[in-house]
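Novice: Starting off with a structure, shown below.
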Amino acid sequence: MDLTTKVAIIIGIFLLTLALNLFFGRLRIKTRKFSLKWFLCIHLPIPFIFLARISAHVSAWFIPLFVVAALAGQILGGRIEI
């Protein structure tokens, strides 16, 4: 796999992570803090991101980048006014 393909895959997983966490961050705001739904809104996107990273053969060195995307998605999702 060439470098441009690998970079495109990493950007795609980054955007997937951001989008998933925007959605779940929005749901998290509507739930009671520290409830089961609140906990699931934070942790449910993780297996999907893991599967995307593993199936694309992306190194674990990129996990901090995806954590940043997840945190940004949760924070921005909680601030979206619809």
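Here, each number is a calculation from the coordinates, and none is a lab measurement. Note that the coordinates shown come from a computational prediction; the quantities given were computed from them, not determined experimentally. With ideal geometry, Cβ positions are generated from the backbone for all residues, glycine too; neighbour counts draw on all protein chains shown.
Novice: I'm trying to understand the selection: among the residues of region 22-45, which are in contact (Cβ under 8 Å) with a residue 12 or more places away in the chain and either small (G, A, S) or assigned to a helix (DSSP H, G or I) (or both)?
Specialist: Of region 22-45, the ones in contact (Cβ under 8 Å) with a residue 12 or more places away in the chain are 22-29, 41-42, 44-45.
Correct list: L22, F23, F24, G25, R26, L27, R28, I29, C41, I42, P45.
Novice: Just to be sure I understand, how many residues within region 20-78 are of a type in the set (V, I, T) and in contact with a Ser or Thr (Cβ under 7 Å, 6 or more places away or on another chain)? Steps first, answer last, please.
Specialist: Filtering region 20-78 for residues of a type in the set (V, I, T) gives 29, 31, 42, 46, 49, 54, 58, 63, 67-68, 75.
With the extra rule that they be in contact with a Ser or Thr (Cβ under 7 Å, 6 or more places away or on another chain), the set shrinks to 49.
Number satisfying all stated conditions: 1.
Novice: I'd like the full set of residues that are surrounded by 14 or more Cβ atoms within 10 Å (Cβ to Cβ) and among the small types (G, A, S), limited to region 57-82.
Specialist: Selection gives A69, A70, A72, G73, G77, G78.
Novice: Is it true that some residue in region 36-43 is aliphatic (A, V, I, L, M), surrounded by 14 or more Cβ atoms within 10 Å (Cβ to Cβ), within 28 Å of K6 (Cβ to Cβ) and under 11 Å from the mean Cα position of the chain (by Cα)? It would help to see each step written out before you state the result.
Specialist: First, the residues of region 36-43 that are aliphatic (A, V, I, L, M): 36, 40, 42.
Still in the running and surrounded by 14 or more Cβ atoms within 10 Å (Cβ to Cβ): 40, 42.
Within this subset, residues satisfying the condition of being within 28 Å of K6 (Cβ to Cβ) are none.
No, there is no match, as no residue in region 36-43 is aliphatic (A, V, I, L, M), surrounded by 14 or more Cβ atoms within 10 Å (Cβ to Cβ), within 28 Å of K6 (Cβ to Cβ) and under 11 Å from the mean Cα position of the chain (by Cα).
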